[in-house]
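Asker: I am attaching a structure below and will ask some questions about it afterwards.
The values are calculated or read from the model by the stated rules, or taken from the named source; none is laboratory data. Since we're looking at a predicted model, the values are computed, not measured. Don't worry about glycine lacking a Cβ; one is built from the backbone with ideal geometry, like all the others, and counts go over all protein chains shown. SASA here: full protein model, heavy atoms, side chains in, ligands and nucleic acids out. Shrake-Rupley method; radii C 1.70, N 1.55, O 1.52, S 1.80 Å.
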Amino acid sequence: MSSQWISVAASDGSGYFQGYLALPQSGKGPGLVIIQEIFGVNENIQKTADLFAEDGYVVFAPDIFWRQEPGLQMGYSAEERQKGLDLMAKLHESQTIADIQSAITALRAHSAVAGKVGVLGFCMGGKLAYLSACRTDADVAIGYYGVGLENYLAETLRCPLVLHIAADDLMVPPQAQQKVLAGLADNP
């Protein structure tokens with residue numbers, strides 16, 4: 001397994017964003033875009049990317065906050081959490097999804113990618129993975145404890161989606177979970 005930071009051009013011509021690329025030992029594999037939590041492409045996200053690369057995926061974790069604070073890598077203190085929440089509140093949703101599409105497109109074009117490209121995200125990234133299933137050409141999307149999904153249930157899924165939400169998740173309260181389950185009940 002090897003890793004490096006690479007640059008990807010934003011589709012709106014506004015510049016380039018960095019991301020962490022982890023390659024499998026085999027040199028080829030299906031692609032996976034990992035979307036960060038509010039803490040940036042920190043050590044935890046990098047280790048997660050490395051673990052998926054060890055399982056044979058070509059993994060790219062783009063810097064979602066690049067338009068506000070490029071290269072952000074935070075820990076989990078109360079102050080860092082608040083900073084991450086503030087940054088998340090300022091994200092321009094359509095720009096962010098366009099950046100994720102740019103990450104998907106770049107990964108598909110990478111010589112190591114053989115096969116499909118999926119999107120996987122955690123918390124804020126879980127919501128963005130859900131939106132990627134609705135608004136990008138990802139082949140599959142997986143969301144872990146995605147926040148705010150209940151606000152997007154009118155969107156149409158374009159690819160298979162798997163959501164993981166813990167029953168006692170404080171960030172996704174029972175009322176939100178019930179809305180998500182009811183809103184997606186007709187999807188296989």
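Yes/no per residue for (1) touching a residue at least 40 places away in the same chain (Cβ under 8 Å); (2) hydrophobic (A, V, I, L, M, F, W, C):
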site	(1), (2)
12	yes, no
25	no, no
33	yes, yes
38	yes, yes
50	yes, no
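One line per residue, one yes/no per condition, for (1) more than 14 Å from the chain's Cα centre (by Cα); (2) on the phi > 0 side of the Ramachandran plot; (3) of a type in the set (A, V, I, L, M, F, W, C):
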{"residue": "13", "(1), (2), (3)": "yes, yes, no"}
{"residue": "33", "(1), (2), (3)": "no, no, yes"}
{"residue": "42", "(1), (2), (3)": "no, no, no"}
{"residue": "46", "(1), (2), (3)": "no, no, no"}
{"residue": "57", "(1), (2), (3)": "yes, no, no"}
{"residue": "68", "(1), (2), (3)": "yes, no, no"}
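Asker: Which condition from (1) of a type in the set (A, V, I, L, M, F, W, C); (2) out of contact with any strand residue (DSSP E or B) (no Cβ under 8 Å at 6 or more places or on another chain); (3) part of a loop (DSSP other than H, G, I, E, B); (4) open to solvent by less than 70 Å² (accessible area, probe 1.4 Å) is the one that residue 154 breaks?
Answerer: Unmet for residue 154, out of (1) of a type in the set (A, V, I, L, M, F, W, C); (2) out of contact with any strand residue (DSSP E or B) (no Cβ under 8 Å at 6 or more places or on another chain); (3) part of a loop (DSSP other than H, G, I, E, B); (4) open to solvent by less than 70 Å² (accessible area, probe 1.4 Å): (4).
Asker: Restricting attention to region 169-185, which residues are modelled with pLDDT of 90 or more and loosely packed, with under 14 Cβ neighbours inside 10 Å?
Answerer: Correct list: 173, 174, 175, 178, 181, 182, 185.
Asker: Considering region 104-123 alone, what residues qualify as being open to solvent by less than 10 Å² (accessible area, probe 1.4 Å) and not in a helix (DSSP H, G or I)?
Answerer: Those that are open to solvent by less than 10 Å² (accessible area, probe 1.4 Å) and not in a helix (DSSP H, G or I): 112, 117, 118, 119, 120, 121.
Asker: Hey, another quick one. Scanning region 71-98 for residues that are of a type in the set (Gly, Ala, Ser) and not in a helix (DSSP H, G or I), which turns out farthest from the chain's Cα centre (by Cα)?
Answerer: The residue in question is 77.
Asker: May I pose another question? Only residues in region 91-107 that are touching a residue at least 60 places away in the same chain (Cβ under 8 Å) count as the first member; pair them with residues that are assigned to a helix (DSSP H, G or I), Cβ under 6 angstrom, at least 6 apart or cross-chain, and list the lot.
Answerer: 100/132
Asker: Assess whether residue 126 counts as being in contact with an Asp or Glu (Cβ under 9 Å, 6 or more places away or on another chain) and open to solvent by 50 Å² or more (accessible area, probe 1.4 Å).
Answerer: The answer is no for residue 126.
Asker: Hey, another quick one. Answer yes or no as to whether residue 90 is open to solvent by 60 Å² or more (accessible area, probe 1.4 Å) and touching a helix residue (DSSP H, G or I) at 6+ places or on another chain (Cβ under 6 Å).
Answerer: no
Asker: Let me ask something else. Can you pull out the residues in region 1-57 that are over 18 Å from residue 124 (Cα atoms) and acidic (Asp, Glu)?
Answerer: Residues satisfying the conditions are 12, 50, 54, 55.
Asker: Any idea which of 68, 101 is open to solvent by 10 Å² or more (accessible area, probe 1.4 Å), at pLDDT 95 or above and assigned to a helix (DSSP H, G or I)?
Answerer: Testing whether each residue is open to solvent by 10 Å² or more (accessible area, probe 1.4 Å), at pLDDT 95 or above and assigned to a helix (DSSP H, G or I) leaves just 101.
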